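Scroll down for the structure; my scribbles are underneath it.
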Amino acid sequence: MYTLLSGLYKYMFQKDEYCVLILGLDNAGKTTFLEQTKTKFSKNYKGMNLSKITTTVGLNIGTIDVGKARLMFWDLGGQEELQSLWDKYYAESHGVIYVIDSTDEERLGESKNAFEKMISSDTLEGVPLLVLANKQDVENCLSVPDIKTAFSDCAPKIGKRDCLVQPCSALSGEGVNDGIEWMVKCRCHFSLHLSSSPPSPPPPSSLYLPSIIPPLIIRTTGCASLLQRFTPFISPLSIHPSSSSSTMDSTVSAYSEKLREMSVLSLLCSCLYSQPHPNTFGQFEDMEVKSLNKRASGQAFEVILKSPTEPSPERPQTLALPPQKKEPSLGELQRRLEAAEERRKSQEKQVLKQLAEKREREKVVLNKAQEVNNNYSKVTEEKLNHKMELIQENRMARLNALKQRLREKELHAAVVRKNKELHTELSG
């Protein structure tokens, strides 16, 4: 009973989780955008002071709930040394948010190269892309049309995916809600094509029934013993390609009625077996149920009806199911955790090594600049002392010359006085 109630609760209230990458160059405002998003969409969350946010070295993680969806954000560092680690997170992502600094026109080319390298990855094919033109609250910043023009060469590589260029200001929160709601809408409706092309027609003798098949039927693949009792519900569904439209309508109505009865069985099976289903749900005598690529067609799964066959006692209708996936043991989980921890330590060690080398280069450059400055100061001081000595020598020479002239004038004045006295005596 507990298992039944637990499975029902999970089915009714469990949220769909999606992982979204936040990429961009350093100082573009990625962490500020993440903090602003958590503040707006998380109740009772006290965000950090936006003015004290520093450059991210490594990874920041944040989670928000929007309706029936739960978004987990991975904010990756944008330094040139850390961009090589971006592709390690592509396989687990369901959406990408690329942040551009609208005020840094000098690094726009560098941002374009990182963006082009990111969207060229085959792992991100079909993933929704939200481009944020951040810092729109600053005067003389680049507008959205300017950024589209600068990134126009990357347009063919975007491919068939949803893409939006959204102006925003992570500091003030303007445009944050619109971007997050657009991302949630893309993920919840599986609208992953840039152009609204109609889905490809189904193959002959196949029937798409996404509207009448209960959602829980996809979780019944592990209960062969229970489903074998309901194989008579499926045998009347065999439709020959040349059947008339009235036969098709009656078969669809009968199929719908029988599957309503199977919804309770589906709920019981989902509680007893909660492993993820493979691509092929089940293969019956007259029918085969396969999962479809939701990104490409928008359909959940496909029901292929085979040629009708008469049931016989010698060949009973059976249900062919794929082998169950073996649950990993605790030892294997521990080894995986240890391997992941070793990879994290290795990446952290590599980043720290690169930062240490960068600091060492800066230290060498600083020492060299200080040495050049000291040499220049020393040479300048020597020249100044030499010049002061020359000035002192010239000054002393001038003083000596003036003294010599004064002595000569005094001697001449004494001779003149003496001659004047002699003349007075002679005349008297």
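Table for the structure above
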item	result
Criterion (basic (Lys, Arg) and in a loop (DSSP other than H, G, I, E, B)) met by exactly one of Lys46, Lys88	Lys46
In the stretch 120-136, the residues that are touching a residue at least 40 places away in the same chain (Cβ under 8 Å) and not polar (S, T, N, Q)	Gly126, Val127, Pro128, Leu130, Leu132, Lys135
Test: residue in the stretch 76-84 that is without any contact (Cβ under 8 Å) to a residue 40 or more places away in the chain, of a type in the set (D, E, K, R) and outside any helix (DSSP H, G or I)	yes
Extreme residue, surrounded by the fewest Cβ atoms within 10 Å (Cβ to Cβ), among residues of the stretch 90-107 that are in contact with a strand residue (DSSP E or B) (Cβ under 9 Å, 6 or more places away or on another chain) and farther than 19 Å from Phe151 by Cβ	Glu92
Matching residues, the stretch 91-116, being more than 13 Å from the chain's Cα centre (by Cα) and in a helix (DSSP H, G or I)	Leu108, Gly109, Glu110, Ser111, Lys112, Asn113, Glu116
Index of the failed condition, Gly159 passing every other in (1) at negative phi; (2) out of contact with any helix residue (DSSP H, G or I) (no Cβ under 6 Å at 6 or more places or on another chain); (3) surrounded by 14 or more Cβ atoms within 10 Å (Cβ to Cβ)	(1)
Within the stretch 67-89, considering residues that are within 24 Å of Lys43 (Cα to Cα) and basic (Lys, Arg), the one nearest to the chain's Cα centre (by Cα)	Arg70
Test: Val66 is of a type in the set (Val, Ile, Thr), out of contact with any Leu (no Cβ under 8 Å at 6 or more places or on another chain) and assigned by TED's automatic domain parsing to the domain that holds Tyr45	yes
Close pairs (9 angstrom Cβ cut-off, 6 or more residues apart or separate chains): without any contact (Cβ under 8 Å) to a residue 12 or more places away in the chain in the stretch 173-185, among the polar types (S, T, N, Q) and surrounded by 15 or more Cβ atoms within 10 Å (Cβ to Cβ) anywhere	Lys185/Ser191
Hits in the stretch 28-52 - residues which are at pLDDT below 90 and closer than 22 Å to Thr103 by Cβ	Asn49, Leu50, Ser51, Lys52
Some residue of the stretch 124-133 being assigned by TED's automatic domain parsing to the domain that holds Tyr98, surrounded by fewer than 19 Cβ atoms within 10 Å (Cβ to Cβ) and modelled with pLDDT of 90 or more	no
Residue under evaluation Leu130, criteria (1) assigned to a helix (DSSP H, G or I); (2) out of contact with any Pro (no Cβ under 9 Å at 6 or more places or on another chain), criterion not met	(1)
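The values are calculated or read from the model by the stated rules, or taken from the named source; none is laboratory data. Predicted, not measured: the structure shown is a model, and the values here were computed from it. FYI the Cβ positions are ideal-geometry reconstructions off the backbone, even for glycines, and counts take in every protein chain you see.
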